[in-house]
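The values are calculated or read from the model by the stated rules, or taken from the named source; none is laboratory data. Since we're looking at a predicted model, the values are computed, not measured. Heads up, the Cβs are rebuilt from the backbone with ideal geometry, glycines too, and the neighbour counts pull from every protein chain shown.
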Amino acid sequence: MKYTAALAGLALLAACTSSEQVTDFNQREAGATLDEGGFGNPNMNNFLVMTGQRSAAIDLGLRFAAEVPTTITFAFNSAVLDATARQVLRQQADFIRQFPEVRFRVFGHTDAVGSNAFNQRLGLRRANAAVAFLSAQGIPRSRLEAVVSFGETQPLIATQDRERRNRRTVTEVSGFVQNHPTVMQGKYAAVVIRE
């Protein structure tokens, strides 16, 4: 009886399959008809993130850097945000608002003019200025961190002179908010590919 039911099921399945579908199936990789991109890839990414084989924070950081400017610059010996810096920070805030599960860090930098101790403090003031502006744009302060200043130790342009491109802050993805419901359910891929 079980054997007859199985054969009947196979016959029904064979009758429902058109030769066009079989030909299409034979021309694509196995499983292509099952994965339209809505389950398999996100599921695989979740698995890789949960097992430590892939970092969703890195993927999201790359997306952040591709979609918005990550760097603002400052006038000499200043932590005041000019109009251009505020515009860039507004773009960053728009991106950050889309991802309530994600934390960000802002790193401060200076040029080589001045003492190392002074430049460390100035770089941190710059990072704090950027974080304060982002916070004023509605980003919870708990998701933003002004981290230790790099001062003059990581110049973009190697010079001992004044160089605006070295006087900057850089915003980066630093990880996920602890205990956020989306993160706890392992939906990292859905976060990274969110439109």
Which of (1) of a type in the set (A, V, I, L, M); (2) part of a helix (DSSP H, G or I); (3) modelled with pLDDT of 65 or more does residue 48 not meet, given it meets every other one? (3)
Is there any pair linking a residue in the range 143-161 that is surrounded by 15 or more Cβ atoms within 10 Å (Cβ to Cβ) to one that is modelled with pLDDT under 70 and assigned to a loop (DSSP other than H, G, I, E, B), with Cβ under 7 Å and at least six apart or on different chains, and which? 143/177
Take the residues in the range 103-131 that are touching a Lys or Arg at 6+ places or on another chain (Cβ under 7 Å) and not aromatic (Phe, Trp, Tyr); name whichever of them is surrounded by the most Cβ atoms within 10 Å (Cβ to Cβ). 110
